[in-house]
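Q: First the structure, then my questions, so here it is.
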Amino acid sequence: MTLTPHHLVMDRRHGADPADGPAKAGAVDGGQLPTSVACLDPSLTIQQVNQEFDRRFGGPATDLCGRPFCDLVHPSVQQPLMQQFSRMLEGKRHRFATEVITAGGDEDTARTLPLTAMAVRGGHLPDVAAILVMMPAADGEPDGAGSVVPRKKLLSEVDARILEGIAAGVSTVPLAARLYLSRQGVEYHVSGLLRKLKVPNRAALVSRAYSMGVLKVGTWPPKVVEDYVK
């Protein structure tokens, strides 16, 4: 029988090891945490979701089906996640597990959560027919799920370029020359960044910026997510 999004997702309310296959991914087991499950087509558009997925990402005015899955993921992790999906669609891997920063039903709220994706092939065709995405349900998050600072216009254009330079390891003098600022001007903006992100030094500034999703993951040279720039 050819698997369809309905067969894969409907009534999948509790998690199982995806290695057991889609038939067991939604099996009810009182000892397991509930799982949010969505089925994507090869264009990574959401085709079906279960109740837990709708509870986490949906809302009274939200129709999840028909939306690109990456709309639900923080901009800082979209690129590396798309690369993982692309390798799956090319047949280079059957499944992958990673952590993503996800936006909840409220766009101002985000969390770092584990994600498992599994390719499903229909019938005897070698091509991927659908991708099953599994995450913890809203009421079944692991203890380590970390809150992410709400997305705000934190940085001026100059702040963003200075942060990118610091993350790339550029020292004050060449950074000043690059941005047509004085050395004191760069140090002034760096001090402001330290205060905004509440960190004591440049190393902590870069670490904090990545943890907040201000700097894009998997991109070199470092790039600030435009959503944070005024």
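Laboratory data are not the source of any read-out in this text; all were calculated from the coordinates shown. Remember, it's a predicted structure, so these values are computed and weren't measured experimentally.
Q: With the calculation restricted to Cα positions, what are the radius of gyration and Dmax of the stretch 186-230 in angstrom?
A: Values for the stretch 186-230 (Cα only, Rg and Dmax): 10.5, 29 Å.
Q: So how far, in whole Å, is the C-alpha centre of the stretch 36-71 from the one of the stretch 196-230?
A: Between the Cα centre of the stretch 36-71 and that of the stretch 196-230, the gap is 29 Å.
Q: Note the full-extension length gain between TYR188 and ARG95 as 0.36 nm times their separation in residues minus their Cα-Cα distance, in nm to one decimal. All intermediate terms of the calculation are to be shown ahead of the outcome.
A: Working: separation 93, 0.36 × 93 = 33.48 nm, distance 4.70 nm.
Using 0.36 nm per residue and subtracting the Cα-Cα distance, I get 28.8 nm.
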